[in-house]
Structures are given as structure tokens and as C-alpha cells.
1. I'd like to verify a number: residues in region 28-48 that are surrounded by fewer than 17 Cβ atoms within 10 Å (Cβ to Cβ) and not hydroxyl-bearing (Ser, Thr, Tyr), how many?
2. Which of the following residues is of a type in the set (S, T, N, Q) and free of Cβ contacts under 8 Å to residues at least 24 places away in the same chain: Ser173, Ser216, Ser149?
3. Which of the numbered conditions does Gly411 fail, given that it passes all the others? Conditions: (1) in a loop (DSSP other than H, G, I, E, B); (2) of a type in the set (Gly, Ala, Ser); (3) over 16 Å from Ile493 (Cα atoms).
4. Run Gly417 past the list (1) over 24 Å from Glu461 (Cβ atoms); (2) within 28 Å of the chain's Cα centre (by Cα) and report the number of the one that doesn't hold.
5. Of the residues in region 4-35, how many are assigned to a helix (DSSP H, G or I), in contact with a Lys or Arg (Cβ under 8 Å, 6 or more places away or on another chain), at pLDDT 90 or above and of a type in the set (A, V, I, L, M, F, W, C)?
6. Across region 333-389, what is the number of residues that are free of Cβ contacts under 8 Å to residues at least 24 places away in the same chain and acidic (Asp, Glu)?
7. Based on what the data block shows, is Gly405 outside any helix (DSSP H, G or I), among the small types (Gly, Ala, Ser) and touching a helix residue (DSSP H, G or I) at 6+ places or on another chain (Cβ under 6 Å)?
8. Is at least one residue of region 100-116 over 20 Å from Asn183 (Cα atoms) and part of a loop (DSSP other than H, G, I, E, B)?
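The values are calculated or read from the model by the stated rules, or taken from the named source; none is laboratory data. The structure displayed is predicted, hence computed values, not measured ones. Because the Cβ atoms are built from the backbone with ideal geometry, glycine has one as well, and the counts that use them run over all protein chains shown.
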Amino acid sequence: MSLKRWIRRRYEYLLENFGDEEFGREDAYKILNEKFHDEIEEVSRILSDIKKEGLLKERVDIADRRVKIYRLIRKGKDFTRGDLEGLLKKAADLIRTRVDYKFILILLFLKRASDKWMEEYGKKVEELVEEGIPEKIAREEAKNPDYHSFAIPHEYLYDEIRKDVNKLPEKLSNTIKKIAELNPELRGVFDSVEFISFTTNRENLHILHQLVEIFSRIDLGGVSSDILGDAYEWVLRYFAPQKAKEGEVYTPREVVKLLVRIVDPKPGDEVYDPAAGSGGMLIESYRYVKENYGEKVRKLFLFGQEYNQTTYGLCKMNLIIHDIKSAYVELGDSLLYPKFLDMGKPKVFNVVIANPPWNQDGYAEEKLKTGEFWNERFEFGFPTKQSADWAWIQHMLYSSSRMVGVVIDNGALFRGGREKKIREKIVDKDWVDAVILLPEKLFYNTGAPGAIIIFNKKKEERRKGKILFINASQEYEKHPDVRKLNILSEKNIEKIVKAYRNFKNEDGFARVVDLQEIRENDYNLNVTLYAFPEIEEEEIDVDREWEEIRKIDKEMQEVNDKIEEYLRVIR
């Protein structure tokens, strides 16, 4: 904040008294005069200086157009995670099921980009003035795109967009198209979203205006990428139950966290998700490496491919919001047209992780053979038309030099026919490292438990010729917000990861199985065949239970006698 110290003290005092509430000049005068003995003329100057810093919004009083109404804006660095989530909750409650949640994410992104531009602009002006350049010239020079994260002309900044309510849809549409045009990395991210057709309904126009105003209350320029990224994820998570009914798949972040901890990416690795969705696997990989290796995370490279245009845009925005620069995401069908190539062949990465669509139909042999590099990628065979599970797994195995982790339908572990033939060959390759049965009701779009299969092409000696089965079906807690769902707690995740690392038998929970036993079981990888939780049997006191039954029987007889007596009186 470049306000002079004495004005900054007054800004902070006004914020302390008014918060997000609107106030007039007389209200400000009363507060400041009482505290600092400022006169009315000084208050006007103070408000003007605060406004120049983008910390004050003003509007004309509807009752008297000569009067101005003010509202203070908090700087992003002072804005907490709870503050931002509270604001997003207001936006979410406003749209409910009437408006697509993607509008919230786009406005969040636009506000962040605009406020970041203003923050960079203010700092550059200050630097240039200190160097002796006249302020007027400095202000023009500071608009140069070279000084900004994104090129945004002044008329497309957030506060300029919201000035004319009636032209809001057109301005938003033009803004996202212009920003995408000026910033190649944003093309295809959000410029396909259409605000004009959405607001042909008058009610929707009103909702859009309210959404824009909700975001205008804060300055997101100084908000940390961690807080902003968590806010973006909060929106995805909040609407996941609703979107699941419409067919969208959201992988719970606890499942993603579990998978990433197991595959253990490191600086220097290339991590690839062929079914990237909104980018959760890639972002969690980045977070994991940053937490464990600090600034060496800059040597981690992320790659993703997503088939759905809208979801692809959400993924790109998510990565930018998290300030992850070493990520590359492409649009396209990974099973047919893998986009990342090396020397004319599909690129091979160190770590491959994904939660591909379960039992995706339409990818039988004839369909896969219309794609590129099918002969190399599907060397173990082709799945049936009803389920592409083992097509996804083969693509992931081909694309990895070391580790593969996949969240998959439990049926893929034991179904017969073509899937069994593929499974046989991969098991005999000794690439299957561990199979983990997850608890039921973790996922928003299905109550089925699901499983994680870990493949390792470079097994350490003690793991060779063996597969670890972990039955984590009982490792869950009730979801705090969604009544019918469960979650993996930090304690549950730690227990599963520890069992994977230890690679030892644990009664009813984990079991190391030789490949020969797998072959004897006809290559069935169903976890419950090898590890089943021990159920504690309750000791029953037969005499006490019998006495309780006789007591209940006697009470029932007494009640029956009373009813009979009442009936005789009535008759």
C-alpha cells in the first residue's frame, strides 16, 4: 500500500468502523474528526487519496445525485481464507442451481487478473516516480504490458466493466475475448463462455449484476496464490454434488492426496494426467513437492490432457490461479490422440496419475484403432465396448517410465473376458505394485467404493514378484457437509500410506501376496479375496439376554391385558 502513513492510519480506522458497509462523507467526517480532529475539507482529500489507491468505491446516491456514497475495499494481503470463502458462499447461495457455477470461477479469475494488474501498475508508477520521471509520464509508461502478468487494456479492467449495468453482458463477453486475444496462454480458457445469451432472461441479468458486485467488494491483487487456489477448489467442491447429477466427475481431494503421497513425485520429475479434469492431480503433485522440497518445486514439470472444452478451461484457470507456471495442458482425447509427443512418439513421463472415466463406453478395438499410436499403446489387447478401464491403464503404462497410479472402478479388478486377458499380461510383467480398496460413498457421482491400482516398472527387490493388497474399506469418517458421503481423514490417509511403504502383512488390513497365488486365483485382483477386515464378535450373555426377553414379554402381556380391559368397557 503506497498511501502516506497518516492517510493509511485513517483508512484503517475507517475500515475498522465501517467494514464492508456503505457510508457518506459526513459519516467519515464524524469518525475522523472525533479520532484525529480532521476538518471536512481534509476528509474529502483523504477519501480522494484512498480512492486513487483503489481502496474506495463510490456511487451516486439515488435520492440525491449530488451526494456520493462510499464503500471501502480491503487489500488482498489482509484478506483471509475465511473471508474469501465467506464471499464465495454468498455467490454460491445467490446462484443456487439457476446459474452455472463456472460464472463464479470466471469472475473470480477476472477480478484477480484485474486487481493484480492494478497492483503491478501502482508499484511501477511508484518506481518510475522515484527514478525522477514525472508522474503523468510514469502513469502512461506503467501501462506497458511488459510490466504486467497479463495484458489488460484500461477499459477492460474489472471496475470499468461494472460501470454500466445494462451493458454488463456485452462488456464481460468483449472483455474475456479481448484478454484471450492479447494473452495467448488464455486462449480457449474462458473465451468460449457466452454472457449475452445467458442474460436474455431478465432474472439472470440481475443475478449476474449481483455476482459482479459481490466480487467488487475485495481487492484480490495481494491475495496469496495458496489462498486463492483453495478458494477456487472450494467452488469446485461446493458444487460437486450438484454437478455429479449432470455427469461431471470430481475426484475428492483426499483421494488425490492419498494417490500423490503414494507415487511420491520429486523435483526433476515429469508428472502426467491424461484425464486432467479441473487439474486436481497436477496441483496436488505441485503442492506435495513444494511442501517436501521447497523451491526445488521449480524443477517439477506437469502435463495434462482433457477432452472436454469447458473442463479444459477450468483446469487452465485453476493452474494459473495457483500460480503454477511449469504446467502444460492440452485439449483432446488421450485414448485416441495423445498430444504430448517426443521424437514423433507419445511422450514418456516419470509419474502418471489419473482418475479416468469409469467404465467409459465406446472404445472397442475398432474405435481405438482409428486413433494414433494404437499399436504401441495397446500392446496387451483391447477392452470391450462397454468399458475402457484397461485401455486407460494401458495408455498410462505406456506413458510412464516408473510409477503409475490410477483410481478405477472396483470391477476392473476381477471382470473376465477381454479385460482378464489384458490383466493377466500386465500382472505377469510384474508391474502391479499395490491394489487398494477404498471406502464406499467417497465419490459424488457414485456410492461404489472404487479402487486405486499402483503400478511400478522399477520395483525394489523386496517388492518383486509380489503384490500388496490393502483393504481400506473401513478407513473413513462421515463427510462434515454432505450427509450421505464419507471422507478420508488425515489419519486414514497416513495409515494407508504407511502400510504401502512398509509392505508388510497387517491382519485384516494389508497382505503381501506372491504372483503365484494371483495366478491360482485366475488373476483376480479383488482386494477382499486377499485381505478382509476382522469383525469383532460381541460376546453374548445368554442368561442375561433370556431374562431381558422374558421381562419384555411380561410387559407386553400387561399392556395387552389393559387393552382388553378398555375394549370391554367400550363395548
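1. We begin by selecting, within region 28-48, every residue surrounded by fewer than 17 Cβ atoms within 10 Å (Cβ to Cβ); these are 30, 33-37, 39-42, 44-45, 48.
Checking which are not hydroxyl-bearing (Ser, Thr, Tyr) leaves us with 30, 33-37, 39-42, 45.
Count: 11.
2. Details: Ser216 fails: free of Cβ contacts under 8 Å to residues at least 24 places away in the same chain; Ser149 fails: free of Cβ contacts under 8 Å to residues at least 24 places away in the same chain.
Within the list Ser173, Ser216, Ser149, the selection yields Ser173.
3. (1)
4. It is condition (2) that Gly417 fails.
5. Summing the residues that are assigned to a helix (DSSP H, G or I), in contact with a Lys or Arg (Cβ under 8 Å, 6 or more places away or on another chain), at pLDDT 90 or above and of a type in the set (A, V, I, L, M, F, W, C) in region 4-35 gives 1.
6. 4
7. Details: outside any helix (DSSP H, G or I): yes; among the small types (Gly, Ala, Ser): yes; touching a helix residue (DSSP H, G or I) at 6+ places or on another chain (Cβ under 6 Å): yes.
So Gly405 passes the test.
8. Yes, the conditions are met somewhere in region 100-116.
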